[in-house]
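Chemist: My questions all concern the structure below.
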Amino acid sequence: MKNQDFKEKIVNWYHLNKRDLPWRDTDNPYFIWLSEIILQQTRVDQGLDYYNKFIFRYPEIKLLAEANEEEILKLWQGLGYYSRARNLHFASKQIINEFNGEFPDKYEDILKLKGIGPYSAAAIASIAFNLPYPVIDGNVLRVISRIFGVKNAVDSSEGRDEIYKILNIIIDKNNPGTFNQAIMELGALVCKPQNPLCTECVFLNECFAYNNKSIDILPIKSKVVKQRNRFFYYLFIKNNKDNFTFVYLNKRKEKDIWKNLYDFPLIETELELSFTDNDVFKAIGKYLGTNDFTLNSISKQYKHKLSHQTINAYFIEIDLNSSEDNKALENYLYINIYDIYNYPIPKLIENYLNDR
Ligand code: SF4
């Protein structure tokens, strides 16, 4: 297939079939950046709402830079991978302080912004500034490796180099942003990971994978992502005072998931604890330094899957019987239960609260 044919086919297909999305109607680099960050690891239908909320609340970079982190995390709540929101905030300050408030228009400068790697930098540079940098995301890796029959694993540097070389040759240098978006869109709508819609595809005749019955094999991957299992036993400790219910809340600070979000006092184990053998009761007693509590209820198990780990969580409602302050809890926030929703909390906690 000639390069010209590839370019024309993919771009024509894109113009006829692309989804109508708000970040495609703008050349504002701030909005394009926001959409790129939101759409990392997130489906378009889920990300759309968040994109609209963010540009409504922070229509300019300056307003995002001036916001406090907790407010940004609250707005991001439910989208997951919260480091994206923290980095977005950090990078907005970089733009104000290091680039005089103007979004940088050179690839190398875009790459200096926190949270922006080569993929996002290429996407922003090509879409907002028409610079000829090919984008390589999961959709692009799949489409190119299937059409061109890439035999190297796409998660190896050889595989990525091979795909990068192909893209550098076929990219539409006059219109790189549209070209990049067109390949990503083909991957999202037609050349899907499972059951691609080959009979509707404009590359049916030329596609290596289709013509060699290797759709299920391509793209080749060498690494198996190891999943870590973690068991969370959340203590939902209630105290009734003057007709109000108070609970303890923890601000997560460690270098771990959900940094700077809020959850409950937590007992974490690598192996599941037995409820029948009293293991959980003993673990709570050890955690609180007392057995003077009443265990009211244990929730169902909540499974929360992340890219490299699965959280298996239980919420254990307990009442502390002792009237004395418990030392194990002295560093937690102590809040009226209705105020929980003012804090940024992980989706897992939100699901539990909604089920109560
Ligand atoms: S023919 Fe099928 S496998 Fe090949 S690019 Fe199109 S959708 Fe993907």
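The values are calculated or read from the model by the stated rules, or taken from the named source; none is laboratory data. Just so it is clear, the model here is predicted, and its values are computed rather than measured. Note that each Cβ is placed from the backbone with ideal geometry, even for glycine, and that neighbours are counted across all protein chains shown.
Chemist: Could you list all residues from the stretch 24-37 that are modelled with pLDDT of 95 or more and more than 17 Å from the chain's Cα centre (by Cα)?
Modeler: Listed by number, the residues that qualify are ASN28, PRO29, TYR30, PHE31.
Chemist: Collect the residues in the stretch 163-183 that are within 16 Å of the ligand (Cβ to nearest atom), of a type in the set (Val, Ile, Thr) and over 23 Å from the mean Cα position of the chain (by Cα), keeping them in residue-number order.
Modeler: The initial filter retains those residues of the stretch 163-183 that are within 16 Å of the ligand (Cβ to nearest atom), namely 163, 166-167, 170, 179, 182-183.
Remaining after also requiring of a type in the set (Val, Ile, Thr): 163, 166, 170, 183.
Once the filter is applied, which keeps residues that are within 16 Å of the ligand (Cβ to nearest atom), of a type in the set (Val, Ile, Thr) and over 23 Å from the mean Cα position of the chain (by Cα), the stretch 163-183 yields ILE163, ILE166, ILE170.
Chemist: Let me ask you something else. Output the number of the condition that LEU186 fails; it satisfies all remaining conditions of (1) closer than 26 Å to TRP13 by Cα; (2) surrounded by fewer than 22 Cβ atoms within 10 Å (Cβ to Cβ); (3) within 16 Å of the ligand (Cβ to nearest atom).
Modeler: (2)
Chemist: Among (1) touching a residue at least 40 places away in the same chain (Cβ under 8 Å); (2) away from the ligand (no atom under 16 Å from the Cβ), there is one condition ILE96 misses while meeting the rest; what is its number?
Modeler: If we test ILE96 against (1) touching a residue at least 40 places away in the same chain (Cβ under 8 Å); (2) away from the ligand (no atom under 16 Å from the Cβ), just (1) comes out false.
Chemist: If a residue has to be in contact with a helix residue (DSSP H, G or I) (Cβ under 8 Å, 6 or more places away or on another chain) and at pLDDT 90 or above to count, how many in the stretch 274-287 make the cut? Show your work before the answer.
Modeler: The initial filter retains those residues of the stretch 274-287 that are in contact with a helix residue (DSSP H, G or I) (Cβ under 8 Å, 6 or more places away or on another chain), namely 274, 287.
Still in the running and at pLDDT 90 or above: 287.
Adding up the residues that qualify gives 1.
Chemist: Please indicate, with yes or no, whether at least one residue in the stretch 257-267 is more than 30 Å from ILE163 (Cβ to Cβ), over 22 Å from the mean Cα position of the chain (by Cα), surrounded by fewer than 16 Cβ atoms within 10 Å (Cβ to Cβ) and in the same structural domain as ASP325 (by TED's automatic domain parsing). Please lay out each step first, then the result.
Modeler: Going residue by residue through the stretch 257-267, those that are more than 30 Å from ILE163 (Cβ to Cβ) are 257-267.
Adding the requirement that they be over 22 Å from the mean Cα position of the chain (by Cα) leaves 264-267.
Now narrow it down to the ones that are surrounded by fewer than 16 Cβ atoms within 10 Å (Cβ to Cβ): 266.
In the following step, the residues that additionally are in the same structural domain as ASP325 (by TED's automatic domain parsing) were identified as 266.
Yes, the stretch 257-267 contains a residue that is more than 30 Å from ILE163 (Cβ to Cβ), over 22 Å from the mean Cα position of the chain (by Cα), surrounded by fewer than 16 Cβ atoms within 10 Å (Cβ to Cβ) and in the same structural domain as ASP325 (by TED's automatic domain parsing).
Chemist: For the stretch 38-57, enumerate the residues that are surrounded by 19 or more Cβ atoms within 10 Å (Cβ to Cβ), of a type in the set (Val, Ile, Thr) and within 15 Å of the chain's Cα centre (by Cα). Quick ask: steps written out before the conclusion?
Modeler: Of the stretch 38-57, the ones surrounded by 19 or more Cβ atoms within 10 Å (Cβ to Cβ) are 38-39, 47, 50-51, 54-55.
Filter again for of a type in the set (Val, Ile, Thr), leaving 38, 55.
Once the filter is applied, which keeps residues that are surrounded by 19 or more Cβ atoms within 10 Å (Cβ to Cβ), of a type in the set (Val, Ile, Thr) and within 15 Å of the chain's Cα centre (by Cα), the stretch 38-57 yields only ILE38.
Chemist: Now a separate question. Just the residues that are exposed (fewer than 11 other Cβ atoms within 10 Å of the Cβ) and at pLDDT 90 or above, please, taken from the stretch 306-321.
Modeler: We begin by selecting, within the stretch 306-321, every residue exposed (fewer than 11 other Cβ atoms within 10 Å of the Cβ); these are 307-308, 321.
Matches in the stretch 306-321: none.
Chemist: As an exercise: evaluate CYS191 against (1) assigned to a helix (DSSP H, G or I); (2) near the ligand (Cβ under 10 Å from one of its atoms) and give the number of the one condition it does not meet.
Modeler: Exception for CYS191: condition (1).
Chemist: On to the next question. For the stretch 175-186, check the following and say yes or no: at least one residue is touching a residue at least 40 places away in the same chain (Cβ under 8 Å), part of a loop (DSSP other than H, G, I, E, B) and out of contact with any Gly (no Cβ under 8 Å at 6 or more places or on another chain). Break it down into steps so the answer makes sense when it comes.
Modeler: As a first pass, look at the stretch 175-186 and keep what is touching a residue at least 40 places away in the same chain (Cβ under 8 Å): 175-186.
So of that shortlist, the ones also part of a loop (DSSP other than H, G, I, E, B) come out as 175.
Remaining after also requiring out of contact with any Gly (no Cβ under 8 Å at 6 or more places or on another chain): 175.
Scanning the stretch 175-186 turns up at least one residue that is touching a residue at least 40 places away in the same chain (Cβ under 8 Å), part of a loop (DSSP other than H, G, I, E, B) and out of contact with any Gly (no Cβ under 8 Å at 6 or more places or on another chain).
Chemist: Which of the residues spanning the stretch 137-162 are within 14 Å of the ligand (Cβ to nearest atom) and either assigned to a helix (DSSP H, G or I) or more than 22 Å from ASN211 (Cβ to Cβ) (or both)?
Modeler: Correct list: GLY138, ASN139, VAL140, LEU141, ARG142, VAL143, ILE144, SER145, ARG146, ILE147, PHE148.
Chemist: Evaluate the stretch 159-167: report whether one residue or more is in contact with an Asp or Glu (Cβ under 9 Å, 6 or more places away or on another chain) and within 29 Å of VAL225 (Cα to Cα). Explain how you work it out, then say what you get.
Modeler: Of all residues in the stretch 159-167, those in contact with an Asp or Glu (Cβ under 9 Å, 6 or more places away or on another chain) come to none.
No, because not a single residue in the stretch 159-167 is in contact with an Asp or Glu (Cβ under 9 Å, 6 or more places away or on another chain) and within 29 Å of VAL225 (Cα to Cα).
Chemist: Could I ask something else about it? Only one of ILE311, ILE349 is part of a helix (DSSP H, G or I) and not assigned by TED's automatic domain parsing to the domain that holds TYR82. Can you tell me which? Break it down into steps so the answer makes sense when it comes.
Modeler: Numbers: ILE311 fails: part of a helix (DSSP H, G or I).
Unique residue meeting the criteria: ILE349.
Chemist: Please work out if SER92 is in a helix (DSSP H, G or I), among the polar types (S, T, N, Q) and within 28 Å of ASP263 (Cβ to Cβ). Talk me through it step by step, then tell me what you get.
Modeler: On the way: in a helix (DSSP H, G or I): yes; among the polar types (S, T, N, Q): yes; within 28 Å of ASP263 (Cβ to Cβ): yes.
Yes: the conditions hold for SER92.
Chemist: Mind listing whichever residues of the stretch 12-37 are of a type in the set (Val, Ile, Thr) and surrounded by 17 or more Cβ atoms within 10 Å (Cβ to Cβ)? Outline the logic, then answer.
Modeler: Taking the stretch 12-37 first, the residues of a type in the set (Val, Ile, Thr) are 26, 32, 37.
If the condition is that a residue be of a type in the set (Val, Ile, Thr) and surrounded by 17 or more Cβ atoms within 10 Å (Cβ to Cβ), then ILE32, ILE37 are the ones that fit.
Chemist: Right, something else. If a residue has to be among the aliphatic types (A, V, I, L, M) and within 23 Å of the chain's Cα centre (by Cα) to count, how many in the stretch 221-245 make the cut? Talk me through it step by step, then tell me what you get.
Modeler: Here is the first cut: in the stretch 221-245, the ones among the aliphatic types (A, V, I, L, M) are 224-225, 235, 237.
Those left that are additionally within 23 Å of the chain's Cα centre (by Cα): 224-225.
Adding up the residues that qualify gives 2.
Chemist: Let me ask another. Being assigned by TED's automatic domain parsing to the domain that holds GLY138, buried (at least 17 other Cβ atoms within 10 Å of the Cβ) and assigned to a loop (DSSP other than H, G, I, E, B) is the requirement here; does LEU79 meet it? Show your work before the answer.
Modeler: Values: assigned by TED's automatic domain parsing to the domain that holds GLY138: yes; buried (at least 17 other Cβ atoms within 10 Å of the Cβ): yes; assigned to a loop (DSSP other than H, G, I, E, B): yes.
Spelling it out, LEU79 is indeed assigned by TED's automatic domain parsing to the domain that holds GLY138, buried (at least 17 other Cβ atoms within 10 Å of the Cβ) and assigned to a loop (DSSP other than H, G, I, E, B).
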